[in-house]
Amino acid sequence: MIGMGVVKGMLVTLREFVGTYPWGRGMLRMLRIRPGSGLFTIEYPDVKQEHAERFRYFPFLVYDGTPDNLRCVACKICEQECPPKCIYIEPARDAEGRPVKAHGRTLPARFDIDTSICMSCRICVDVCPFDAIEMDNQYEIAAGDREQELLFDKEKLLRSAEYFEQIKPSEAAVVNQRLSAKAKKPA
Amino acid sequence: MADSTALASDLLEVSLGPQHPSTHGVFRMQTVLDGETIVKLKPVMGYLHRNHEQLGEQMTYIASFPFTDRLDYFCAMTNNLGLAIAIEKLAGIDVTERGEYIRVIMAELTRLVNHTAVTGFLLNDMGAFGTPLLYAFREREKILDLFEMASGSRMMCNYIRPGGVREDLPEGFLEQARRIVDDYPRFLDEFEALLTDNEIIRQRTERVGILPKELAVSAGVTGPMLRASGVDYDIRKVDGYSVYPRFPFKVPLGTVGDVYDRYYVRILEMRESVKILRQALKDIPGGPAISPKGAALTKAPRTFRPPKGDAYGRIEAPKGELGFYLVSDGSNQPWRYHIRAPSFINLTVLEDMCLGRKIADAIIILGAVDIVMGEVDR
């Protein structure tokens with residue numbers, strides 16, 4: 001009969017609508033109708049969605065213990081491999097241009113990531129031989145100014161190794177295992 | 001009564017887009033109308049051109065992966081897969097068994113995402129604002145959660161690599177995927193109850209925008225659009241790439257080649273995808289997710305220099321045949337990098353489908369082509 005298709009469709013929307021209320025779900029069950037998915041949205045920013053552990057949003061630099069003990073050795077591999085070229089590194093040098101060493105390695109004097117260009121692809125993490133750069137999961141970084149606030153310098157990118165363990169426990173476990181295996185090997 | 005044909009009237013030129021909600025992005029249709037009937041339609045593209053191919057020739061093979069995510073941003077996983085297959089052909093890289101299964105799972109989940117979204121949008125174009133689209137997006141959301149679990153990103157996955165996938169699946173992925181896949185047919189039933197027999201939809205779509213078999217083949221149309229015109233051509237069957245030959249599935253075909261067939265073929269394809277997924281999630285073997293050669297080049301993209309030569313890798317993306325053509329000169333960057341984008345080529349028959357129809361039909365004909373401007377313009 002003409003019009004039945006429309007009526008059938010309307011019943012579907014009615015069921016979904018009623019199913020968004022607690023009383024409605026009870027009623028549908030009483031009528032032996034399977035309730036729909038129910039409420040699916042959340043009220044951001046009061047309620048925040050939980051993200052998967054691997055959720056990635058902009059890289060950060062890892063340090064062990066004190067903030068001057070960076071894992072990064074300014075080797076510039078990530079700078080070269082970065083697809084949109086958003087990383088800029090300057091190794092620490094003295095007045096004569098010789099590399100300055102601290103903690104037995106050359107640290108970066110400058111390490112900038114332009115987050116307005118970065119696309120969170122994770123290639124820098126994949127290529128880093130020292131596990132010095134990892135992905136963050138902080139996504140609320142809206143800023144009023146693009147040059148000043150979205151160009152992250154070294155100080156803004158620093159995070160402790162504990163922070164990394166806290167946000168990505170299983171990934172950090174693999175990294176720590178690899179690092180301790182490396183430390184055991186005689187240099 | 002005055003004779004309407006005697007009324008002196010001029011043709012009217014209407015420029016639809018590039019800023020128009022119905023054109024799915026920055027696409028422009030320059031139409032010439034006689035009353036409301038289309039007598040000429042010229043697609044204008046290029047508003048979203050980002051120089052993707054040229055950029056790809058100036059960076060390493062791996063560095064192109066995150067950019068392929070942004071081609072057809074609904075189907076990042078299949079875009080990655082296409083490029084990975086082309087690189088594997090070029091350099092002769094093996095894929096691990098588990099890697100192949102993960103790829104098939106991701107590709108079929110992507111097909112579900114794409115087809116649910118496009119049917120939702122098609123209904124939106126027809127004037128059913130909101131409801132079907134949001135039902136579709138609700139389901140899409142669940143699958144995007146799966147992508148986030150595995151790759152870390154919902155849409156820009158950057159997950160598949162030559163030789164397998166970048167990281168193995170996380171704990172709990174397979175269980176959640178099974179739950180979602182088992183629940184999917186219920187959603188499809190609901191969606192069909194809402195739409196398939198709806199008289200208004202049938203009136204709007206049946207015998208609208210017919211694409212004859214011969215024209216579809218000669219214009220190089222692929223994907224659900226070609227199959228809706230009744231041509232049995234699915235690259236998963238024809239090439240039998242990856243581990244697809246292990247899964248029994250049907251290739252649904254349309255009979256008329258109108259908008260309704262294009263809608264219904266997609267629904268049926270989703271049902272077949274669910275079948276493939278069920279089996280793949282059951283049979284997935286253990287072992288490494290990426291081969292040693294693939295892992296090495298993921299870790300050090302700059303050292304990867306494929307031998308001189310060329311390769312064309314193609315897959316059945318949700319929108320049609322997605323092909324990547326690579327020419328290597330022996331350096332670590334491709335000498336030529338070309339993409340055969342399905343939605344761009346499917347768009348070439350737009351005028352033939354629209355001529356003689358009303359302007360309102362052009363909107364849904366375009367909607368049923370299933371275009372994403374990121375891929376059309378590249």
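The values are calculated or read from the model by the stated rules, or taken from the named source; none is laboratory data. Remember, predicted model here, so these are calculated numbers, not experimental data. Positions of Cβ are generated from backbone atoms using ideal geometry, with glycine treated the same way; all protein chains shown enter the neighbour counts. Accessible surface areas use protein heavy atoms only, side chains included; no ligands, DNA or RNA. Shrake-Rupley method; radii C 1.70, N 1.55, O 1.52, S 1.80 Å.
Data overview
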| read-out | value |
| --- | --- |
| Cα pair count fraction exceeding 23 Å, expressed as % - the stretch B:50-141 | 40 |
| Euclidean distance of C-alpha centroids, the stretch B:170-209 and the stretch B:294-355, integer Å | 31 |
| Distance cut-off 35 Å, percentage of C-alpha pairs in the protein assembly as shown lying past it | 44 |
| Whole-percent carbon and sulfur share, accessible surface of chain A, 1.4 Å | 58 |
| Segment residue B:175-residue B:206, length gained on full extension (0.36 nm per residue, minus Cα span) | 7.1 nm |
| Gyration tensor (alpha-carbon) shape descriptor, the stretch A:55-99, a/c threshold 1.5 | oblate |
| Where labels lie 7 Å past Cα in the beta-carbon direction, separation of residue A:44 and residue B:355 in nm | 4.7 |
| The stretch B:1-113 - percent of accessible surface contributed by carbon and sulfur, probe 1.4 Å | 53 |
| Pairs beyond 25 Å (Cα-Cα), from B:275/B:319; A:48/B:275; B:213/B:237 | A:48/B:275 |
| Model label zone, residue A:182; criterion: amide N under 16 Å from point 7 Å along Cα-to-beta-carbon; scope the stretch A:110-150 | A:124-135 |
| Area of residue B:225 that stays accessible when all protein chains are in place (1.4 Å probe, Å², to 10) | 0 |
| Whole-number accessible area per residue in Å² for chain B, which is evaluated in the context of all protein chains at 1.4 Å | 37 |
| Average beta-carbon neighbours from other chains, 10 Å sphere, peptide A:31-37 | 2 |
| Protein-only accessible surface order, largest first, of A:152, B:247 at 1.4 Å | A:152, B:247 |
| Total accessible area lost when B and A pair, probe 1.4 Å, Å² to nearest 100 | 3000 |
| Between the stretch A:1-38 and the stretch B:132-146, the Cα center-to-center distance that results, in Å | 19 |
| When chain B is reduced to its Cα atoms, the Kirkwood hydrodynamic radius in Å | 21.5 |
| Cα-based convex hull volume of the stretch A:1-41 per residue, rounded to whole Å³ | 64 |
| Length added when fully stretched, residue B:40-residue B:303, from 0.36 nm per residue minus Cα-Cα | 89.5 nm |
| FRET efficiency, residue B:250 to residue B:32 (Cβ-Cβ, R0 35 Å, nearest 0.05) | 0.25 |
| GNM flexibility winner over chain A from A:150, A:31, A:158 (Cα, springs under 10 Å) | A:31 |
| Structure-based [θ]222 nm, the protein assembly as shown - -39500 (n - 2.57) summed over DSSP H runs of at least 4, per residue, nearest 500 | -13000 deg cm²/dmol |
| Extreme residue, positive dipole direction of the protein assembly as shown, given options A:108, B:17, B:291 (C-beta unit charges) | B:291 |
